[in-house]
Every structure is written in structure tokens, then in C-alpha cells.
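The structure's right below; bear with me while I get my questions together.
The values are calculated or read from the model by the stated rules, or taken from the named source; none is laboratory data. Since the structure is predicted, the reported quantities are computational estimates derived from the model, not experimental observations. Neighbour counts run over all protein chains shown; Cβ positions are idealised from the backbone, glycine included.
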Amino acid sequence: MNTKSLKLFVILAAVLIGVALLWAQERTGKEEASPKTYRSVFQELGKSEEDISAKLQQAWDQMFYGDDAQERIYYPVGEDMAYILDTGYQDVRTEGMSYGMMIAVQLDKKEEFDRLWNWAVTYMQHKEGPFKHYFSWHNTPKGDVLDSNPAPDGEEYFAMALLFASNRWGDGEGIYHYREQGNKILQAMLHQADDGEGYNMFDEERNQIVFVPWTSGKGYTDPSYHLPAFYELWARWAETDRERWAEMAKVSRAFWAQAAHPDTGLMANYTTFDGVPYRNGDHYLFSYDAHRVALNVTLDEIWHGGEQSEWRRGYIEQLHQFFIKEGIDQYVARYTVEGKPMADNRSSGLIAVNGAASMISTHEDRLQFAQRLWDMDVPTGQYRYYDSMLYMFSLLAASGQYQIIEP
């Protein structure tokens with residue numbers, strides 16, 4: 001081969017490689033980049049990698065395989081199914097099922113993931129009608145539907161966990177073709193109403209997640225349902241609507257800034273699309289749903305950073321300042337957004353979330369919150385379900401193990 005031919009060959013090879021890389025990027029939404037690193041706030045407390053791994057393993061073992069009555073929330077059914085039990089109300093919720101799947105994929109637990117997904121598809125997912133591809137938000141442990149309405153945070157976590165599963169394990173057949181199943185949910189969330197039947201999970205005008213895609217529930221939102229950390233990835237990986245997912249990530253971040261009280265940083269359980277507390281029972285309060293917001297903000301910062309970093313870090317500092325003022329070992333579970341206590345009890349889930357949020361806080365006492373998380377035991381007892389979930393997500397985040405699972 002002469003010099004001229006060799007040069008032409010090299011140029012042609014470079015063009016073909018470039019085309020292949022562009023095709024791959026279009027298919028997966030993934031750009032070539034250096035592997036993302038995740039730090040652990042527990043290491044700042046002097047904990048070793050072995051100590052951190054042992055703590056995560058203990059939490060997994062107890063929540064998934066501990067004592068039936070006092071510890072576990074994961075219950076296998078037959079050879080290929082399992083459910084997550086709300087032990088306080090003795091029902092199965094899409095919140096818990098999808099959270100369980102996210103925990104399983106983060107920890108590379110494929111058997112538990114598949115069992116949960118099979119149960120959810122078999123007993124919770126609608127196969128037809130105005131809720132097709134959505135899920136009934138809670139069922140009995142035997143699978144009977146208690147309420148056919150969907151709760152959108154479940155669909156969000158199902159979709160994200162499924163895309164992560166596809167990236168981690170590859171795709172199987174039928175319901176175990178994870179990418180296909182995740183994209184069906186994403187498509188339904190934005191296009192359920194296209195045929196004139198049912199409602200979408202995101203308000204068309206405001207580009208925000210609704211509380212319930214049905215009648216009056218679609219007229220307001222839940223700040224803890226806003227998950228821009230997920231939307232940012234769907235803008236890269238979803239089969240359709242990538243530009244809209246990217247826009248909704250921006251909208252949700254701006255919404256949080258509106259919904260946070262200017263003095264305390266507290267958000268209500270439910271709000272209008274403008275962030276004003278929504279009067280539905282006592283859900284105008286900062287309460288158990290709203291406990292998750294700080295974790296969502298933290299995850300968004302850990303995964304994506306970017307131009308909103310200053311606001312996120314400042315927001316968590318503001319929250320931490322409020323809880324320091326209340327007393328780091330005294331603050332309670334429920335407040336008005338202005339900061340008036342509305343309960344006597346504390347919440348281990350909130351304590352855990354505040355510990356995880358120390359990952360991005362700039363408050364001088366932030367490591368005190370991380371220490372409280374480290375010192376906590378895995379929740380037990382009748383009402384362990386919700387606190388256990390927030391505890392495990394907080395452990396994952398604070399240990400650097402709540403990660404983007406790339407294609």
C-alpha cells in the first residue's frame with residue numbers, strides 16, 4: 001500500500017469510527033466521558049471502606065432477610081415473586097415496590113429485583129383502560145387491588161430502576177426486557193391522554209408532575225415527586241421526548257426554589273404548581289412526604305452538579321440551619337412551613353435524610369448530621385417500612401453507592 005492509499009485508508013477508518021460513535025450515542029444517549037467518581041461523607045467521619053460496606057450489608061440483610069415480624073419488609077412469594085410490605089398498614093404500595101427495585105439494582109441484586117418486578121407487573125400494572133401501563137398504587141399482600149389510581153412517584157422509580165437494570169444486566173425477554181418496559185412507562189406518563197382516554201402524569205401546561213393523574217388530583221403537585229435527577233437521565237436515554245424531559249428537569253429545579261419557604265427552607269407535602277402549600281387535610285404541612293425532598297435535591301447534585309449547584313448547596317445549608325436551631329437531637333417530624341412544630345415525635349427517616357444531605361451541605365455543623373445517620377440502627381417494629389426505605393437510600397447516598405448506572 002503506497003503512502004497516498006494509506007492516508008485515504010486512515011481517513012476512511014476515522015470517519016467510520018466517528019459514525020459508529022454517533023450512532024451509539026444516539027441509541028443510548030451516552031457521551032464518552034471520564035468515569036464519574038462518588039465520594040463518601042462517612043469517610044470524612046473516619047470510617048473505613050470495610051466499615052461502610054459492612055453497614056450497607058447489615059441494612060440489606062435486615063430489611064430483606066431479617067425477622068419476619070420486626071425487621072424485614074421484603075417477602076418472597078413462590079419461586080419468582082416478592083413484595084415490599086408497608087408493615088404499618090399491611091398493604092403493598094408502588095412506592096415500596098419501586099424503591100425496593102432501585103435499592104436492588106444499586107446493590108446488584110438481580111434476583112430480588114426480578115421478583116419484585118414480576119409481582120408488580122402481575123398484580124399492580126394496568127393492562128388496559130385509562131391507566132394502561134400505570135400501576136394501582138396499593139394492593140393487599142395477596143395481590144388484590146385496593147385502589148386502582150396510580151401514585152406517580154411509583155412510576156418514576158419503576159422507570160428509572162428498569163433503565164438502570166438494562167444498563168447493569170442487559171435485557172432479557174418479555175417483562176425482563178428492562179429497557180422496553182421502562183420506556184413503555186415513560187411513554188405512558190407523557191402520552192396516556194393522547195387517545196382522549198385517561199390523564200398524563202405531567203401537567204401539559206406547567207410541565208410538572210401531578211399528584212394523581214385523575215380528576216382533582218391532577219390540579220396540584222407533591223414536591224417530593226419532582227425528580228430532576230431522573231429526568232436528566234431520561235433526556236439522554238428515553239426513546240422519545242428527550243427534549244421535554246430535559247425541560248422538565250429545569251422546571252422542577254425552579255419549582256423547588258419557589259416551594260421552599262424563604263426563612264426555613266421547608267416545603268409542604270402538597271403544593272400548587274407555583275409552590276404554595278395546598279390545603280388537602282394536613283398536607284399543607286412539612287411532613288413525611290416532604291422529608292424526601294432533601295434527598296432528591298442531594299441526589300440531583302451528586303449525579304449532575306452544574307449551574308444549579310449553588311442553589312442546591314445553599315438550600316441544604318438553610319435546612320440544616322433550621323434543624324440546628326430546633327436542636328439537632330430534638331427536631332420533630334412535622335412543622336408548618338414557617339417552622340412551627342406540629343408534632344411531638346421524631347422521624348428516623350428524616351434524621352437519615354438530613355445525614356445524607358450532609359454530602360452537599362456547606363453548613364459548618366454538617367458532619368453532625370452525617371454522624372447521626374451513621375449512629376442509627378436499621379429501623380424496626382410495626383412502622384419500620386417507610387423509615388427503612390429512607391434510611392437505606394440515605395446510606396447509599398452518604399456512602400457514595402447511590403450512583404448513575406451507565407449503559
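Kindly indicate which of GLU232, GLU239 is under 18 Å from MET160 (Cα atoms) and part of a helix (DSSP H, G or I).
GLU232
Tally time: how many residues in region 349-407 are in a loop (DSSP other than H, G, I, E, B), over 17 Å from the mean Cα position of the chain (by Cα) and of a type outside the set (A, V, I, L, M, F, W, C)?
Residues flagged as in a loop (DSSP other than H, G, I, E, B), over 17 Å from the mean Cα position of the chain (by Cα) and of a type outside the set (A, V, I, L, M, F, W, C) within region 349-407 amount to 13.
Just to be sure before I move on: is ALA165 crowded, with 24+ Cβ neighbours inside 10 Å, out of contact with any Phe, Trp or Tyr (no Cβ under 7 Å at 6 or more places or on another chain) and part of a helix (DSSP H, G or I) in the structure I sent?
It is false that ALA165 is crowded, with 24+ Cβ neighbours inside 10 Å, out of contact with any Phe, Trp or Tyr (no Cβ under 7 Å at 6 or more places or on another chain) and part of a helix (DSSP H, G or I).
Sticking with this one: Considering GLN382, GLN403, GLN371, which residue is surrounded by fewer than 24 Cβ atoms within 10 Å (Cβ to Cβ), in contact with a Leu (Cβ under 8 Å, 6 or more places away or on another chain) and touching a residue at least 60 places away in the same chain (Cβ under 8 Å)? Spell out how you get there, then give the answer.
Numbers: GLN382 fails: in contact with a Leu (Cβ under 8 Å, 6 or more places away or on another chain); GLN403 fails: in contact with a Leu (Cβ under 8 Å, 6 or more places away or on another chain).
Going through GLN382, GLN403, GLN371 in turn, the sole match is GLN371.
For region 274-302, enumerate the residues that are within 20 Å of GLU232 (Cα to Cα) and of a type in the set (A, V, I, L, M, F, W, C).
Pass one, region 274-302, residues within 20 Å of GLU232 (Cα to Cα): 292-302.
Hits for region 274-302 are VAL293, ALA294, LEU295, VAL297, LEU299, ILE302.
Can you name the number of the only condition in (1) touching a Ser or Thr at 6+ places or on another chain (Cβ under 6 Å); (2) buried (at least 19 other Cβ atoms within 10 Å of the Cβ); (3) in a loop (DSSP other than H, G, I, E, B) that VAL337 fails?
(1)
The conditions are (1) surrounded by fewer than 21 Cβ atoms within 10 Å (Cβ to Cβ); (2) in contact (Cβ under 8 Å) with a residue 40 or more places away in the chain, and TRP117 fails exactly one of them. Which is it?
Among (1) surrounded by fewer than 21 Cβ atoms within 10 Å (Cβ to Cβ); (2) in contact (Cβ under 8 Å) with a residue 40 or more places away in the chain, TRP117 violates only (1).
Follow-up. For region 315-334, give me each residue that is among the aliphatic types (A, V, I, L, M) and not in a helix (DSSP H, G or I).
In the first step, residues of region 315-334 are kept if they are among the aliphatic types (A, V, I, L, M); the result is 316, 319, 324, 328, 332-333.
Within region 315-334, ILE328, VAL332, ALA333 qualify.
Which pairs turn up if I take residues in region 291-309 that are in the same structural domain as ALA235 (by TED's automatic domain parsing) and over 14 Å from LEU227 (Cβ atoms) and look for partners that are polar (S, T, N, Q) and outside any helix (DSSP H, G or I) with beta carbon separation below 7 Å, at least 6 apart in sequence or on another chain?
As it stands, the answer is HIS291/SER347, since those pairs meet every condition given.
Which one is surrounded by the most Cβ atoms within 10 Å (Cβ to Cβ), of the residues in region 125-148 that are touching a helix residue (DSSP H, G or I) at 6+ places or on another chain (Cβ under 6 Å) and not aromatic (Phe, Trp, Tyr)?
The extreme case among them is ASN139.
Between MET267, MET248, which is under 25 Å from ALA161 (Cα atoms) and out of contact with any Gly (no Cβ under 7 Å at 6 or more places or on another chain)?
MET248 is the lone residue from the list that is under 25 Å from ALA161 (Cα atoms) and out of contact with any Gly (no Cβ under 7 Å at 6 or more places or on another chain).
With the structure loaded, tell me whether THR271 is more than 15 Å from THR221 (Cβ to Cβ) and crowded, with 21+ Cβ neighbours inside 10 Å or whether it fails that test.
no
Tell me yes or no: at least one residue of region 66-84 is basic (Lys, Arg), surrounded by fewer than 23 Cβ atoms within 10 Å (Cβ to Cβ) and either at positive phi or within 23 Å of the chain's Cα centre (by Cα) (or both).
yes
Specify the residue that is nearest to ARG93 (Cα to Cα); the eligible residues are those in region 105-152 that are in a loop (DSSP other than H, G, I, E, B) and among the acidic types (Asp, Glu).
ASP144
Pick from HIS291, HIS320, HIS283: which is in contact with a Gly (Cβ under 6 Å, 6 or more places away or on another chain) and within 23 Å of MET389 (Cα to Cα)?
HIS291
In region 70-104, which residues are outside any strand (DSSP E or B), under 15 Å from PHE158 (Cβ atoms) and touching a strand residue (DSSP E or B) at 6+ places or on another chain (Cβ under 6 Å)?
Within region 70-104, THR94, GLY96, MET97, GLY100 qualify.
Working carefully through the options TYR385, TYR402, find the one that is in contact with a strand residue (DSSP E or B) (Cβ under 7 Å, 6 or more places away or on another chain) and of a type in the set (Ser, Thr, Tyr).
TYR385
Which of the residues belonging to region 218-266 are in contact (Cβ under 8 Å) with a residue 60 or more places away in the chain, surrounded by 16 or more Cβ atoms within 10 Å (Cβ to Cβ) and among the acidic types (Asp, Glu)?
Result: ASP222, GLU232.
Of the residues TRP119, TRP169, which single one is assigned by TED's automatic domain parsing to the domain that holds GLY78 and over 26 Å from ARG236 (Cα atoms)?
Unique residue meeting the criteria: TRP119.
I would also like to ask the following. Suppose we filter region 56-85 for residues that are of a type outside the set (Ser, Thr, Tyr), touching a residue at least 60 places away in the same chain (Cβ under 8 Å) and within 25 Å of TYR178 (Cβ to Cβ); how many remain?
7
Run down ASN207, ASN183, ASN200 and say which single residue is at pLDDT 95 or above and closer than 23 Å to MET81 by Cα.
ASN183
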